[in-house]
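Q: One structure coming up, written as C-alpha cells, with questions to follow.
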Amino acid sequence: MAIFGARRVLWRSFSTISSHPLRVCIVGSGPAGFYTAEKILKTHQGSQVDIIDRLPTPYGLVRSGVAPDHPETKNVINQFSRVAQNGRCSFLGNVALGYSISLVELRELYHVVVLAYGAESDRVVGIPGEDLKGVHSAREFVWWYNGHPYGRNLDPDLKNTDTAVILGQGNVALDVARILLRPTSELAITDIASHALTALEQSSIRKVYLVGRRGPVQAACTAKELREVLGIKDLYIHIKETDLKITPADEEEMKNSRIHRRIYELLSKAATAGPSQPSSGQRELHFVFFRQPDRFLESYDKKGYVSGMHLEKTTLKGIGSGKQIAIGVVPNVKGRILSDNSGDPTSIENGLYVCGWLKRGPTGIIATNLYCAEETVASLSEDLELGVLASTTRLPKLGRDGLLQILDNRNVRVVPFSAWERIDKEEKRLGSLRNKPREKLTSWEELLKVAGSE
Amino acid sequence: MSRSRYTQRHCCQYQWSTLELLPETRAFQGSIFQKHHGFSTSASDGASAGADEEKGTIPVTFVSKDGEEIPIQVPIGMSMLEAAHENDIELEGACEGSLACSTCHVIVMDMEYYNKLEDPADEENDMLDLAFGLTETSRLGCQIVASPELDGIRLAIPAATRNFSVDGYVPKPH
C-alpha cells in the first residue's frame, strides 16, 4: 500500500516535470469518456483533456439511454458537467471521428487518444422476417422515446394492435415495457420526447410480452427495475407457475448470486400474488420463459409488416460462463488498444486507449465505467511513468488549438460546452411550459441553431 | 485537485438523503430534485453547511482504498456521503444520494456498528445488489446518517474489483 502511494506521487510529479503538458483527446462524452477525463485531470496535473462527441449534446447514453422516468439515474450529469467546466477540459460537440477529423490526425495532435464511443451496432438475430416493418431494435426504440436526433423518425406503429412483444428480459427490456404500459399522465411530466408522448397517448397497446430464452433464475434484469415494473398501477402480471420450477443447477446459481436469488423471489411472489385473470380493459404484462424466436411472420394484409412470431422452446444445459459474445469490441489489454485480434501483447498501439462499452462490450451499469476508466487510466499512467510514450511525450503537441484550427478550416460548427449550456437552458425553459423537467430538442437544425444563438 | 470537484456541492443534499422515498413520489423526484439544484447553485457556499452546531458532531473514520485512515467530525443528521464530500474524501456519489446507484458503497468495519444501523430498505438492498466488492457489512454511504450511537464508526471505501460485470460476465474479445 505504501508502494502504491509512492507510485501515485511519482506519476503526478512526472507530468509536472515534463516540459510539455500532456494533451489527451477522448472520443465520446458518455460516462466512459467523462470518468476517464475526470481521472486523467486528477492524476496528471497540467494535463489538458478534450472530449469530442459527434452529437451537439454531451453525456451519451445518460441522455439518450436512461429512461425518462428514471431522472435520479441522470444526476451523474451534474458531476460530469463539473468536469467539463474544469479549466483544463473542453467539450467539443458536433465533431465526428472519421468525418470531421480522422484518427490519424487526432494521434498527430494529441499525445494520447482514448476511444470511448460505445458499442452501437444492433445484434442481428439471424432469423427470417427480421427486416419486417414493426421489428425494432431496442436501440432505435429507446432513441425514439429519448429524443435522440437519429431516432425521431422511427414512427413505430402503436395504433393498429393491442400487443407488443419484447425479446429479452434485461433492464432495457423492462424500460421498453414500462414506457409502453405506464399511464401516459405519469410520462407527461418526464423528459420523454414529445413525439413519443403523443404516440403513446394514442397507443392501443394493452398487452406486452417479455420473452426470455432462459428461466426466471437467469433473468437479466435487476431488482429495482423489476420491482418498479411489477408495481405499475393497475397492471395485470402473468407468470406461468410451471416456469418457476427450480433445478439443482438453479439452486446453485441462486446460492452464489444475491441478485438472482432476489429476482427469483420477486418473480415467484408476483406469479401468485395477483388475480388469475385480468379485469376487462386492464393492461397486461406477461413474462414468457424458456422461449426463443424462430421466425417473424409477415402480415397477409400489409405486406412487409410483421404480424406475429413463432417461438421455440429452449432447454438449459449446464452452467457456463460468458453467456454472450461481445461484438464491436476493440481488442485491448487493460485498455491499451492492440493492433490486431491476435491478443499478442507486443502489438500494442502506442498512445491509443479504450474505455467503456467499446472496451468491454455493451454490459454493466453507469458505475461500471468508473472502474473501467480507473483501469484504462492506470494503464496510461503506467505507460507514461515507464517511458513507453516517451517518443510522443517528449514533443509538444498542438492539442486543442490544432484541432480547432483544422475544424475551422473544414467549416465544422463545433459546439463547445457553453453552447451546450444554451441548449440545456432552452430545453429546460421549454419544459417548464409543460410541467416537464425539459423538452428535448430533437433535430440537428434546432440543436445547432440554439447552440449558435446568443 | 479534488477540492475543485466539490466546491459546488448541493447545499441541501444531506437533508434529501434522509427524506423517505415512497414509490409513488419517485416519478416526481427528478423534478423536485432539479428545483433544489437550481436553489443550491444560486446560494453561496457559505449558506450551505446547514448543520446545527448546537446538535453536535460525532467522530467518524474513513479508510480509503489505499488503507489511509481519515478521521473526521460529522454533524448529527448528515449522511456519510455528504460528510465524505465535505472533507474531500474520495467517495463517489453518482446519483447524489437518491438511491439510484451503488457508487457510495462503504463497508462498516465493525459488526457492532453495523448492527446498530437500521436494516436497509428494499430500495437500498436493490442498489447493494449492484455494488462492487459487496460484503456482509456493506451499506450505501448516503443511507448512513450520523447519530450519537454511531460515535466512532469506521467506514472502509472498497477498492475496485478486477471483474467489472454486474453478473460476473466476462466478455470475449472479438
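The values are calculated or read from the model by the stated rules, or taken from the named source; none is laboratory data. Please read these numbers as outputs of a predicted model, since none were measured by experiment. Note that we place each Cβ from the backbone using ideal geometry, even for glycine, and neighbour counts take in every protein chain shown. Heads up: the accessible areas ignore ligands, DNA and RNA and are worked out on the full protein's heavy atoms, side chains in. Shrake-Rupley method; radii C 1.70, N 1.55, O 1.52, S 1.80 Å.
Q: Hey, can you tell me all the residues within segment A:356-399 that are more than 14 Å from every other protein chain (Cβ to nearest Cβ), under 29 Å from A:Val76 (Cα atoms) and open to solvent by 40 Å² or more (accessible area, probe 1.4 Å)?
A: A:Glu382
Q: Could you check A:Lys255 against (1) modelled with pLDDT under 90; (2) out of contact with any Gly (no Cβ under 9 Å at 6 or more places or on another chain) and say which number it fails?
A: Only one criterion in (1) modelled with pLDDT under 90; (2) out of contact with any Gly (no Cβ under 9 Å at 6 or more places or on another chain) is unmet by A:Lys255, namely (1).
Q: Could you please give the count of residues in segment A:144-172 that are in contact with a Phe, Trp or Tyr (Cβ under 8 Å, 6 or more places away or on another chain), of a type outside the set (A, V, I, L, M) and not in a loop (DSSP other than H, G, I, E, B)?
A: So the answer is 1.
Q: Regarding segment B:121-133, can at least one residue be identified that is under 14 Å from the mean Cα position of the chain (by Cα), within 9 Å of chain A (Cβ to nearest Cβ) and outside any helix (DSSP H, G or I)?
A: Checked against the condition, which is being under 14 Å from the mean Cα position of the chain (by Cα), within 9 Å of chain A (Cβ to nearest Cβ) and outside any helix (DSSP H, G or I), segment B:121-133 yields at least one hit.
Q: Name every residue in segment B:77-88 that is in a loop (DSSP other than H, G, I, E, B) and within 14 Å of chain A (Cβ to nearest Cβ), in order of residue number.
A: Scanning segment B:77-88 gives a single hit, B:Asp88.
Q: How many residues, within segment A:413-454, are in contact (Cβ under 8 Å) with a residue 60 or more places away in the chain and under 22 Å from A:Arg400 (Cβ atoms)?
A: Number satisfying all stated conditions: 10.
Q: For segment B:89-120, how many residues are of a type outside the set (S, T, N, Q) and over 13 Å from the mean Cα position of the chain (by Cα)?
A: Narrowing segment B:89-120 to residues of a type outside the set (S, T, N, Q): B:89-97, B:99-101, B:104-114, B:116-120.
Still in the running and over 13 Å from the mean Cα position of the chain (by Cα): B:109-114, B:116-120.
Looking only at that region, the number is 11.
Q: Separate question: With the requirement that a residue be surrounded by fewer than 16 Cβ atoms within 10 Å (Cβ to Cβ), touching a residue at least 40 places away in the same chain (Cβ under 8 Å) and touching a helix residue (DSSP H, G or I) at 6+ places or on another chain (Cβ under 8 Å), what does segment A:109-125 give you?
A: A:Glu120 - this is the single residue of segment A:109-125 that is surrounded by fewer than 16 Cβ atoms within 10 Å (Cβ to Cβ), touching a residue at least 40 places away in the same chain (Cβ under 8 Å) and touching a helix residue (DSSP H, G or I) at 6+ places or on another chain (Cβ under 8 Å).
Q: Go through segment A:426-441 and count every residue that is surrounded by fewer than 19 Cβ atoms within 10 Å (Cβ to Cβ) and more than 24 Å from the chain's Cα centre (by Cα). Write out each step before concluding.
A: Taking segment A:426-441 and keeping what is surrounded by fewer than 19 Cβ atoms within 10 Å (Cβ to Cβ), we get A:428-430, A:432-435.
Remaining after also requiring more than 24 Å from the chain's Cα centre (by Cα): A:429-430, A:432-435.
The number of residues fulfilling the criteria is 6.
Q: Just one of B:Ala121, B:Ala160, B:Ala146 is at pLDDT 95 or above, open to solvent by 10 Å² or more (accessible area, probe 1.4 Å) and among the aliphatic types (A, V, I, L, M); which is it?
A: Being at pLDDT 95 or above, open to solvent by 10 Å² or more (accessible area, probe 1.4 Å) and among the aliphatic types (A, V, I, L, M) holds for just one of B:Ala121, B:Ala160, B:Ala146, which is B:Ala121.
Q: Out of A:Leu132, A:Leu181, A:Leu174, A:Leu167, which single residue is touching an Asp or Glu at 6+ places or on another chain (Cβ under 9 Å) and open to solvent by 20 Å² or more (accessible area, probe 1.4 Å)?
A: A:Leu132
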